[in-house]
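Trainee: Take a look at the following structure, please.
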Amino acid sequence: MKSQKSNKAQIKLCGVGASPGIAIGKTFIVGQKRVKVKKRPILESEITAEQEKFKQAVESVHDYLDTLIKKMPEQIKEHSGILRSHMQLLKDKLLYENTLTKIESERINAEWALKKSLMEIKALFDQVDDAYLRERIEDVEYVVKRILSELTQSKTSSITALKEPVIVIAHELSPADTIQMDQEKVLGFATDVGSRTSHAAILARSLGIPAVVGLEDITGQVVQGELVILDGLTGKVIIDPDQETLKYYQEKQQDYLRYRLDVIHKSHLPAETLDGQRIQVKANIELIEEIPLVLSNGAEGVGLFRTEYLYLSQKGLPDEEMLFQSYKQIAEKLAPHPVTIRTLDIGGDKFVSDISLDEEINPALGLRAIRLMLREPELFRTQLRAILRASAYGNVQILFPLISGQHEIIDAKNILKSVAHELQKEGIAFDPNIKIGIMIEVPTAIMVADALAKEVDFFSLGTNDLIQYSLAIDRINEHVAHLYEPLHPGVLRMIHMAVEAAHNNYIEAAICGEMAGEPMYVPILIGLGLDEFSMNAIDIPRVKRIIRQITHEECVALAQEALKASSSSQVKKILKDFLQNRLPSEFEPDLWHEFELNRDKICQFT
Ligand code: PEP
Ligand code: MG
């Protein structure tokens, strides 16, 4: 990211705001010495000893993680799954056995064999086109680093022995590092690498520690004990700030603390407009580990559970029992709140080694989601059985993704019926009245929404894909990212049509695309008639707070005006006027410039 040196000595860096809050304090650089690995040929007579050395190193790491799990503070016990998955990775075939085999077949030292195994695993991960999963290579790398430091006996400086409150600076932080942070002593942390979905970031949010990641080279820019300001809201870090900047951020820190207290205090209040319109606010999740955050942020359930993770994270397909256990746990933890489980949205761009698919030129338009499930009914049935079984343990709903027309719903429902019949015959409990919804993310689904609404219990608008397909903008292609316009009047009109069709047929309309969690869009979306918003849990308190300050009536008037606009810049102007007039203190003044440039979320210094 960018670094800007002003006329004073202060250095400004831009990264990714991974956990909100402002920290001001002295740096503590965690010495993550790079473990140097060299290739060393070994004799045949040394093979067994080298293999033993490797096995022992793995055992030591295993014991270390085991102790750490036992000592985990109650508040983050839910996250022990991350460390357990690291324990499993230690013995993963691709890592463990592959390394032992290489030591023998290539007659090389354990460190080099391990490094080669890591390279092979990385090559496999590179083929995965799912950002979340690609980042899970961090876990493998972490485990490998731990084994390597055991093998080479190299020690790193520790976060556990902090004497005073500090801001931790590191190249990267593992989940184990983050878990061991003394919350009294760690004011915040900043790292060179990482993203919002890396485990360290997820944990930082659970622990309430402000964090900025992805700064590229903060470790090369700070010295030990230097004063820094870290703004986890915007992703800014200022090294050695001048007095004026310091004063500005001290005030901002106080404002944020007051704001946070207010927001948290009220996050469990219902999301209700000033004139009494009740809106459901729920969370989008991918992992069971996110549930504590979902509940503590005041979500009224999970509006979108993306179920791809279990299919992408391991070798071989998950069986019914594994899926059932996972869904059951989530349903139980959330009850009586609902969890909307979306059936597998995989294929095309999401690569699963055990489902053989032809390479596609246009993966986003290819065999994905419901289309793939209808082509592979056995895969579909296994997941539906697991979902139905879990429905006996909580409030479960089913969501079918990427529906383009009535025939897909009818086919999917027929398979669901047959699975339900099968379970009934086997005497296995499930909720016979389970609600069925569809994702509205293909333009044709909107054109026939009236017919679709008659087949299901609710709509959920997947605006990420809806915008992609309606504006013909590949959502992962950075060259057209500037054309991706959620406020395009065409998009707003489509949302409105879908909602009208739902309401005319007495069913509810939810929105679960990223738009739902953007506080600025809330008044328009409410005005368009949406009944439910589902978003990243961290965004919930802010969205609820906005909802409580506006009237449904004024939102409807705003949306009516926006629907008549002929361009997104016109919609933006209408929205900006509304927000500045009605919610003047909710948005930072420098946001408007970026809003107009369609760069709402870019970290910028003015
Ligand atoms: C969407 O398309 O808006 C959506 C929520 O689904 P996903 O992002 O998983 O495709
Ligand atoms: Mg989608």
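The values are calculated or read from the model by the stated rules, or taken from the named source; none is laboratory data. Not measured: the values here are computed from a predicted model. As a convention, Cβ positions derive from the backbone with ideal geometry for all residues, glycine included, and neighbour counts pool all protein chains shown. For the accessible areas, the whole protein counts, side chains as well, though only heavy atoms, and no ligand, DNA or RNA atoms are used. Shrake-Rupley method; radii C 1.70, N 1.55, O 1.52, S 1.80 Å.
Trainee: Looking for something among the aliphatic types (A, V, I, L, M), at negative phi and more than 16 Å from ligand 1 (Cβ to nearest atom) - is there at least one such residue anywhere in the stretch 477-494?
Mentor: The answer is yes, given that some residue of the stretch 477-494 is among the aliphatic types (A, V, I, L, M), at negative phi and more than 16 Å from ligand 1 (Cβ to nearest atom).
Trainee: Can I ask one more? For the stretch 283-295, does any single residue satisfy the condition of being open to solvent by less than 10 Å² (accessible area, probe 1.4 Å) and either more than 23 Å from Arg205 (Cβ to Cβ) or hydroxyl-bearing (Ser, Thr, Tyr) (or both)?
Mentor: No: the stretch 283-295 contains no residue that is open to solvent by less than 10 Å² (accessible area, probe 1.4 Å) and either more than 23 Å from Arg205 (Cβ to Cβ) or hydroxyl-bearing (Ser, Thr, Tyr) (or both).
Trainee: Quick one: in the stretch 500-513, which of the residues that are more than 15 Å from ligand 1 (Cβ to nearest atom) and buried (at least 23 other Cβ atoms within 10 Å of the Cβ) is nearest to Thr273 (Cα to Cα)?
Mentor: The first filter runs over the stretch 500-513 and keeps only residues more than 15 Å from ligand 1 (Cβ to nearest atom), leaving 500-508.
Then drop every residue that is not buried (at least 23 other Cβ atoms within 10 Å of the Cβ), which leaves 501-502.
Numbers: Ala501: 23, Ala502: 21 Å.
Restricting to residues being more than 15 Å from ligand 1 (Cβ to nearest atom) and buried (at least 23 other Cβ atoms within 10 Å of the Cβ), the top hit is Ala502.
Trainee: Residues that are outside any helix (DSSP H, G or I), more than 16 Å from ligand 1 (Cβ to nearest atom) and of a type in the set (A, V, I, L, M, F, W, C): does the stretch 274-281 have at least one?
Mentor: Looking for residues that are outside any helix (DSSP H, G or I), more than 16 Å from ligand 1 (Cβ to nearest atom) and of a type in the set (A, V, I, L, M, F, W, C), one finds at least one in the stretch 274-281, hence yes.
Trainee: Something else about it: Any residue at all in the stretch 241-259 that's within 17 Å of Arg545 (Cα to Cα) and touching a Pro at 6+ places or on another chain (Cβ under 9 Å)?
Mentor: Checked against the condition, which is being within 17 Å of Arg545 (Cα to Cα) and touching a Pro at 6+ places or on another chain (Cβ under 9 Å), the stretch 241-259 yields at least one hit.
Trainee: Does the stretch 255-273 hold any residues that are in contact with a helix residue (DSSP H, G or I) (Cβ under 8 Å, 6 or more places away or on another chain) and either part of a strand (DSSP E or B) or open to solvent by 60 Å² or more (accessible area, probe 1.4 Å) (or both), and which are they?
Mentor: Listed by number, the residues that qualify are Ile264, Lys266, Leu269, Ala271, Glu272.
Trainee: Would you please name the residue that is nearest to Thr340 (Cα to Cα), looking only at residues in the stretch 425-447 that are open to solvent by 50 Å² or more (accessible area, probe 1.4 Å) and of a type in the set (Gly, Ala, Ser)?
Mentor: Ala429
Trainee: If we keep just the residues of the stretch 528-538 that are open to solvent by less than 10 Å² (accessible area, probe 1.4 Å) and farther than 27 Å from Tyr256 by Cα, which is nearest to ligand 1 (Cβ to nearest atom)?
Mentor: Only one residue fits best here, namely Leu530.
Trainee: Enumerate the pairs (first residue in the stretch 524-537 and over 24 Å from Lys573 (Cα atoms); second residue anywhere and at pLDDT 95 or above and among the basic types (Lys, Arg)) with beta-carbon separation below 6 Å, excluding pairs fewer than 6 apart on the same chain, so at least 6 apart or on different chains.
Mentor: Listed pairs, sorted by first residue: Ser534/Lys282.
Trainee: If you check Gln397 against the conditions, is it more than 16 Å from ligand 2 (Cβ to nearest atom), touching a residue at least 60 places away in the same chain (Cβ under 8 Å) and within 24 Å of the chain's Cα centre (by Cα)?
Mentor: yes
Trainee: Going through Met515, Met520 one at a time, which residue ends up being away from ligand 2 (no atom under 16 Å from the Cβ), at pLDDT below 95 and closer than 23 Å to Asn581 by Cβ? Steps first, answer last, please.
Mentor: On the way: Met515 fails: away from ligand 2 (no atom under 16 Å from the Cβ).
Only one candidate qualifies: Met520.
Trainee: Among the numbered criteria (1) without any contact (Cβ under 8 Å) to a residue 40 or more places away in the chain; (2) of a type in the set (Val, Ile, Thr); (3) farther than 14 Å from Ile467 by Cβ; (4) within 16 Å of ligand 1 (Cβ to nearest atom), which single criterion is violated by Val543?
Mentor: Failed condition: (1).
Trainee: Any idea how many residues of the stretch 416-448 are within 16 Å of ligand 1 (Cβ to nearest atom) and either part of a strand (DSSP E or B) or over 28 Å from the mean Cα position of the chain (by Cα) (or both)? Spell out how you get there, then give the answer.
Mentor: Taking the stretch 416-448 as the starting set, the residues that turn out to be within 16 Å of ligand 1 (Cβ to nearest atom) are 437-446.
Of the ones still in play, those that are also either part of a strand (DSSP E or B) or over 28 Å from the mean Cα position of the chain (by Cα) (or both) are 437-440, 444.
Qualifying residue count, the stretch 416-448: 5.
Trainee: Kindly indicate whether any position in the stretch 299-313 is open to solvent by 20 Å² or more (accessible area, probe 1.4 Å), assigned to a helix (DSSP H, G or I) and more than 22 Å from Ile540 (Cβ to Cβ).
Mentor: yes
Trainee: Where in the stretch 105-168 are the helices (runs of 4 or more DSSP H), entirely inside, with at least 1 residues that are at pLDDT below 70 and within 23 Å of the chain's Cα centre (by Cα)?
Mentor: Filter on the stretch 105-168 gives 131-135.
Trainee: Still on this structure, I have one more. Being away from ligand 2 (no atom under 14 Å from the Cβ), of a type outside the set (D, E, K, R) and open to solvent by 50 Å² or more (accessible area, probe 1.4 Å): is that true of Met497 here?
Mentor: So Met497 fits the description; yes.
Trainee: Please pick out the residue among Asp411, Asp474, Asp457, Asp450 that is touching a Gly at 6+ places or on another chain (Cβ under 8 Å) and either open to solvent by 20 Å² or more (accessible area, probe 1.4 Å) or within 16 Å of ligand 2 (Cβ to nearest atom) (or both).
Mentor: None of the other options fit; the residue is Asp457.
Trainee: Looking only at the stretch 449-473, count every residue that is part of a loop (DSSP other than H, G, I, E, B), within 13 Å of ligand 1 (Cβ to nearest atom) and not β-branched (Val, Ile, Thr) and tell me the total.
Mentor: Just the residues of the stretch 449-473 that are part of a loop (DSSP other than H, G, I, E, B), to begin with: 454-457, 462, 472-473.
After this cut, where a residue has to be within 13 Å of ligand 1 (Cβ to nearest atom) as well, the list is 462, 473.
Narrowing further to those that are not β-branched (Val, Ile, Thr): 462.
Matching residues across the stretch 449-473 total 1.
Trainee: How many of the residues in the stretch 539-553 are open to solvent by 10 Å² or more (accessible area, probe 1.4 Å) and touching a strand residue (DSSP E or B) at 6+ places or on another chain (Cβ under 8 Å)?
Mentor: The total comes to 1.
Listed here are the residues, each with its yes/no results for (1) away from ligand 1 (no atom under 16 Å from the Cβ); (2) crowded, with 19+ Cβ neighbours inside 10 Å; (3) part of a helix (DSSP H, G or I); (4) of a type in the set (Lys, Arg).
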site: Met515; (1), (2), (3), (4): no, yes, yes, no
site: Leu525; (1), (2), (3), (4): no, yes, yes, no
site: Cys555; (1), (2), (3), (4): yes, yes, yes, no
site: Leu558; (1), (2), (3), (4): yes, yes, yes, no
site: Ser566; (1), (2), (3), (4): yes, no, no, no
site: Lys572; (1), (2), (3), (4): yes, yes, yes, yes
site: Leu575; (1), (2), (3), (4): yes, yes, yes, no
site: Ser585; (1), (2), (3), (4): yes, no, no, no
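Trainee: For the stretch 217-231, name all the residues that are within 13 Å of Lys12 (Cβ to Cβ) and at pLDDT 90 or above.
Mentor: Ile218, Val228, Ile229, Leu230, Asp231
Trainee: Only one of (1) closer than 28 Å to Pro292 by Cα; (2) open to solvent by 50 Å² or more (accessible area, probe 1.4 Å); (3) without any contact (Cβ under 8 Å) to a residue 60 or more places away in the chain is not met by Glu422, so which one is it?
Mentor: (1)
Trainee: Look through the stretch 266-296, keep the residues that are of a type outside the set (A, V, I, L, M) and under 15 Å from the mean Cα position of the chain (by Cα), and return whichever of them is modelled with the highest pLDDT.
Mentor: Across the stretch 266-296, the extreme among qualifying residues is Lys282.
Trainee: Another question, then. Any chance you could count how many residues in the stretch 391-408 are open to solvent by less than 10 Å² (accessible area, probe 1.4 Å) and away from ligand 1 (no atom under 16 Å from the Cβ)?
Mentor: Our first condition is that a residue be open to solvent by less than 10 Å² (accessible area, probe 1.4 Å); within the stretch 391-408, this holds for 391, 396, 398-403, 405.
Next, only the ones that are away from ligand 1 (no atom under 16 Å from the Cβ) stay: 391, 396, 405.
Residues flagged as open to solvent by less than 10 Å² (accessible area, probe 1.4 Å) and away from ligand 1 (no atom under 16 Å from the Cβ) within the stretch 391-408 amount to 3.
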